[in-house]
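Chemist: Below is one structure. I have some questions about it.
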Amino acid sequence: MKSEVGAPHNAHLAATKQGVAEDERTEKELAGDLQATGSLESFGDPADQEASTLNLIFTMVNPGTSGLSTSLKVIEKFEACIYHIETRPVRWIKHMGDGLECFVKCDIKNSVISSLLASLKRVADDVKIASEERVSSFPRKLQDLDLCHHLIIKFEPNFDQDHPGFVDQEYKKRRAYFAELAFTYKQGDLLPRIDYTAEETATWRKVYRSLINLYPNYACKQYLDSFQQLEKYCGFTEDAIPQLQDVSQFLKERTGFTLRPAAGLLSARDFLACLAFRVFPSTQYIRHHSASMHSPEPDCCHELLGHIPMLADKEFAQFSQDIGLASLGASDKDIDKLATLYWFTVEFGLCKQNGSIKAYGAGLLSSYGELMYAFSNKPVLKPFDPDVTAIQSYQDTSFQPIYFVSENFEDSKVKLRHYAMKMKKPFSLRYDPFTCSIEVLDSLQKVKNMLGQINDNLKSLYFALDKVC
């Protein structure tokens, strides 16, 4: 027994020593690269001293705990300014085994780009530069959503030192468990049922109690109607965290939306693509118990109390899908704008109802503090205009200084569709609700087929009106 216990420990020490040695070797190689390149402030061609934006993509095979940090250290050594990171697991790479694909967006001086790439290739595989305008292939059917799991990791407890769970190893272990469930989920599987701990349920109860008394005064009518139904038919109560499988079935019967588990904050492109299929990626973990009234990232309190009631409303569900459809095949710049529109509507939107302003945004309806702030006299309220909203800067670490107010959901839906029609795309597409697939309208015959279906629907409406009148 003693040797069995000691063996893994010795293996861990060996792995640690190997990691230290690799870090030291990386430091020496980087120093050599920098010396060969010359001082970053050296004289020469002025163009070499200008900075460019790089979209780096690379893969790490069987990454250990230091795999990502080593690669980022390489990039930072060349004084690159990193401002966006995405990761996703891959299992089909050439070396076999598990891997991690990373996308890093950074600004770096032109003079050191070649040396950076050479250094990065020593610690990572398949290093390449993607074009600034990544018009990626987009999902065409539901099964394609299994590949839409790029993560934005800046708020996760393993990387964000300000995260409440950064020093809590048990919480990190629990988060890893939830992440694995999400990454192994395949379209069509039953959603994992979770045995939540007493501590997790207590956190849910605290959040639930703090918000439920605010909803009658601040939430829109659609939210209140749906929330009442969720309490009646879907187990929404302070005593237990609802299971995603039950919630997904509830939504499917009302608006056609379903849920799939998410490991964390997805990239805007992947998240919006899911909405195009009426699929909402939902986290299952809960925020750290030490900061129950605030979460730096989405958690099940945000999803279940913020998003789910609104997704049970047909008009709002259509609005959400329209944003997703507009994102398919869009350029990176347009994705950024659509993500901003989503932020100021689905996440932090306000609307007019019966002469008053009400909240419908999930970020407001799942946050006691920001809900109170939004209805104070501190923020600026502006009418919703997609052209203005899409370029408005926003805060993802504090309360919003500006909120946009919609006249109603129908008005917002019409405005969004007009905005999407102005986006430059080389094709048009439609969502087929019968096959839950995306069809690119790239031939005259496909357009004729669509017109035929519309004509059939108009005939049905004509006969229905004739009978009603």
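The values are calculated or read from the model by the stated rules, or taken from the named source; none is laboratory data. Computed from a predicted structure; not experimentally measured. Heads up, the Cβs are rebuilt from the backbone with ideal geometry, glycines too, and the neighbour counts pull from every protein chain shown. Side chains are part of the model used for accessible areas, which takes the heavy atoms of the whole protein and leaves out ligands, DNA and RNA. Shrake-Rupley method; radii C 1.70, N 1.55, O 1.52, S 1.80 Å.
Chemist: Restricting to the stretch 182-215, name every residue that is part of a helix (DSSP H, G or I), open to solvent by less than 40 Å² (accessible area, probe 1.4 Å) and within 16 Å of residue 151 (Cβ to Cβ).
Modeler: 182
Chemist: Please state which one of 331, 366 is open to solvent by less than 30 Å² (accessible area, probe 1.4 Å), of a type outside the set (A, V, I, L, M) and touching a Leu at 6+ places or on another chain (Cβ under 7 Å).
Modeler: When all the criteria are applied, what remains is 366.
Chemist: Mind listing whichever residues of the stretch 94-112 are open to solvent by 20 Å² or more (accessible area, probe 1.4 Å) and either at pLDDT below 85 or assigned to a helix (DSSP H, G or I) (or both)?
Modeler: Once the filter is applied, which keeps residues that are open to solvent by 20 Å² or more (accessible area, probe 1.4 Å) and either at pLDDT below 85 or assigned to a helix (DSSP H, G or I) (or both), the stretch 94-112 yields 94, 95, 96, 97, 98, 100, 101, 110, 111.
Chemist: Something else now. Scanning for something open to solvent by less than 20 Å² (accessible area, probe 1.4 Å), more than 27 Å from residue 168 (Cβ to Cβ) and not polar (S, T, N, Q), does the stretch 301-309 turn up at least one residue?
Modeler: Yes - at least one qualifying residue is present in the stretch 301-309.
Chemist: Next question, about the same structure. Exactly one condition in (1) under 21 Å from residue 388 (Cα atoms); (2) touching a strand residue (DSSP E or B) at 6+ places or on another chain (Cβ under 9 Å) is not met by residue 329; state its number.
Modeler: Going through (1) under 21 Å from residue 388 (Cα atoms); (2) touching a strand residue (DSSP E or B) at 6+ places or on another chain (Cβ under 9 Å) one by one, residue 329 breaks only (1).
Chemist: To continue, here is another question. Name the residue that is farthest from the chain's Cα centre (by Cα), counting only residues in the stretch 402-413 that are farther than 17 Å from residue 364 by Cβ and open to solvent by less than 60 Å² (accessible area, probe 1.4 Å). If you could, list the steps in order and put the result at the bottom.
Modeler: Going residue by residue through the stretch 402-413, those that are farther than 17 Å from residue 364 by Cβ are 407-408, 410-411, 413.
Now narrow it down to the ones that are open to solvent by less than 60 Å² (accessible area, probe 1.4 Å): 411, 413.
On the way: 411: 26, 413: 22 Å.
Ranking the qualifying residues of the stretch 402-413, first place goes to 411.
Chemist: Out of all the residues in the stretch 345-356, is one or more open to solvent by less than 20 Å² (accessible area, probe 1.4 Å), within 18 Å of residue 422 (Cβ to Cβ) and in contact with a helix residue (DSSP H, G or I) (Cβ under 7 Å, 6 or more places away or on another chain)?
Modeler: Initial filter on the stretch 345-356 (open to solvent by less than 20 Å² (accessible area, probe 1.4 Å)): 345-346, 348-351.
From what's left, within 18 Å of residue 422 (Cβ to Cβ): 345.
Imposing the further condition that a residue be in contact with a helix residue (DSSP H, G or I) (Cβ under 7 Å, 6 or more places away or on another chain) reduces the set to 345.
Yes, there is a match, as at least one residue in the stretch 345-356 is open to solvent by less than 20 Å² (accessible area, probe 1.4 Å), within 18 Å of residue 422 (Cβ to Cβ) and in contact with a helix residue (DSSP H, G or I) (Cβ under 7 Å, 6 or more places away or on another chain).
Chemist: Under 9 Å by Cβ, and 6 or more places apart or on different chains, what pairs join a residue from the stretch 407-424 that is in contact (Cβ under 8 Å) with a residue 24 or more places away in the chain and part of a helix (DSSP H, G or I) with one that is of a type in the set (Asp, Glu) and surrounded by 14 or more Cβ atoms within 10 Å (Cβ to Cβ)?
Modeler: Short answer, once both residue conditions are applied: 409/313; 409/315; 410/315; 413/315; 413/322; 416/322; 417/322; 420/322.
Chemist: Of everything in the stretch 42-63 that's open to solvent by 50 Å² or more (accessible area, probe 1.4 Å) and at pLDDT 55 or above, which residue is farthest from residue 103 (Cα to Cα)?
Modeler: Among residues in the stretch 42-63 that are open to solvent by 50 Å² or more (accessible area, probe 1.4 Å) and at pLDDT 55 or above, the one farthest from residue 103 (Cα to Cα) is 49.
Chemist: Something else about it: Could you check the stretch 394-451 and list, in sequence order, the residues that are acidic (Asp, Glu) and closer than 23 Å to residue 279 by Cα?
Modeler: The answer is 410, 432, 439.
Chemist: Considering only residues of the stretch 266-286 that are in a loop (DSSP other than H, G, I, E, B) and at pLDDT 95 or above, which is most open to solvent (accessible area, probe 1.4 Å)?
Modeler: Per the criteria, the residue is 278.
Chemist: Are any residues in the stretch 387-396 open to solvent by 50 Å² or more (accessible area, probe 1.4 Å) and within 27 Å of residue 163 (Cα to Cα), and if so, which ones?
Modeler: 393, 394, 395, 396 - these are the residues of the stretch 387-396 that are open to solvent by 50 Å² or more (accessible area, probe 1.4 Å) and within 27 Å of residue 163 (Cα to Cα).
Chemist: Only one residue in 384, 399 is under 25 Å from the mean Cα position of the chain (by Cα), open to solvent by less than 70 Å² (accessible area, probe 1.4 Å) and not β-branched (Val, Ile, Thr). Which one? Walk me through how you get there before you give the answer.
Modeler: Values: 399 fails: open to solvent by less than 70 Å² (accessible area, probe 1.4 Å).
On inspection, the qualifying residue turns out to be 384.
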